[in-house]
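Notes to accompany the following structure.
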Amino acid sequence: MPSASRGLKLTIFARDDDVWNHRPLYYEIVRRARESGLSRALVLRGIEGYGADGIVHTSRLLSLSHSLPLAVVIVDTEDRIRRFVPQLSELVEEGMATLEEVEIITYAPAPG
């Protein structure tokens, strides 16, 4: 039976070629989120997008972009997300993050 609670969704917008200490930035964000005990993290690779520079990055064959957009999405309680956000200042040199209030619906098997 599903249960519902309130929380925050943190979305970090970056590029798939962003690095931190010679590793993909998204890898380090997910690793730290897990280390911090956050309940869910997901990396989504975009097929097309642009950032503050206005340059369109695309996966279309003729464009051959080496820098595709991606989003790291993390969902948990508000206090846990807010404790994690300061770590992004160390990791993200260029990009953007958003915070959104969400209703979290958790599905789990019935005890039995």
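The values are calculated or read from the model by the stated rules, or taken from the named source; none is laboratory data. From a predicted model like this one, the values you see are computed outputs, not experimental measurements. Please note: Cβ atoms are built from the backbone with ideal geometry, for glycine as well, and neighbour counts cover all protein chains shown.
Inspection of region 95-109 finds a residue satisfying the criterion of being surrounded by 15 or more Cβ atoms within 10 Å (Cβ to Cβ), touching a residue at least 24 places away in the same chain (Cβ under 8 Å) and on the phi > 0 side of the Ramachandran plot.
Taken over region 1-35, residues that are at pLDDT below 95, of a type in the set (D, E, K, R) and surrounded by fewer than 17 Cβ atoms within 10 Å (Cβ to Cβ) amount to 1. In this structure, residue 56 does not satisfy being among the hydrophobic types (A, V, I, L, M, F, W, C), surrounded by 11 or more Cβ atoms within 10 Å (Cβ to Cβ), touching a residue at least 12 places away in the same chain (Cβ under 8 Å) and out of contact with any Pro (no Cβ under 9 Å at 6 or more places or on another chain).
The residues of region 9-35 that are in contact (Cβ under 8 Å) with a residue 40 or more places away in the chain and either of a type in the set (A, V, I, L, M) or part of a strand (DSSP E or B) (or both), listed by number, are 9, 10, 11, 12, 13, 14, 15, 20, 25, 29, 30, 33. I'd like to check something: does region 48-67 contain any residue that is at pLDDT 95 or above and not charged (D, E, K, R)? Scanning region 48-67, I find no residue that is at pLDDT 95 or above and not charged (D, E, K, R), so the answer is no.
Scanning region 63-91 for residues that are assigned to a loop (DSSP other than H, G, I, E, B) and farther than 15 Å from residue 41 by Cβ turns up 63, 64, 65, 66, 67, 68. Kindly indicate whether residue 105 is part of a helix (DSSP H, G or I), more than 20 Å from residue 18 (Cα to Cα) and either among the aliphatic types (A, V, I, L, M) or at pLDDT below 95 (or both). No; evaluated as a whole, the condition is false for this residue. Just one of the numbered conditions (1) surrounded by fewer than 16 Cβ atoms within 10 Å (Cβ to Cβ); (2) free of Cβ contacts under 8 Å to residues at least 60 places away in the same chain; (3) in a loop (DSSP other than H, G, I, E, B) is not true of residue 38: (1).
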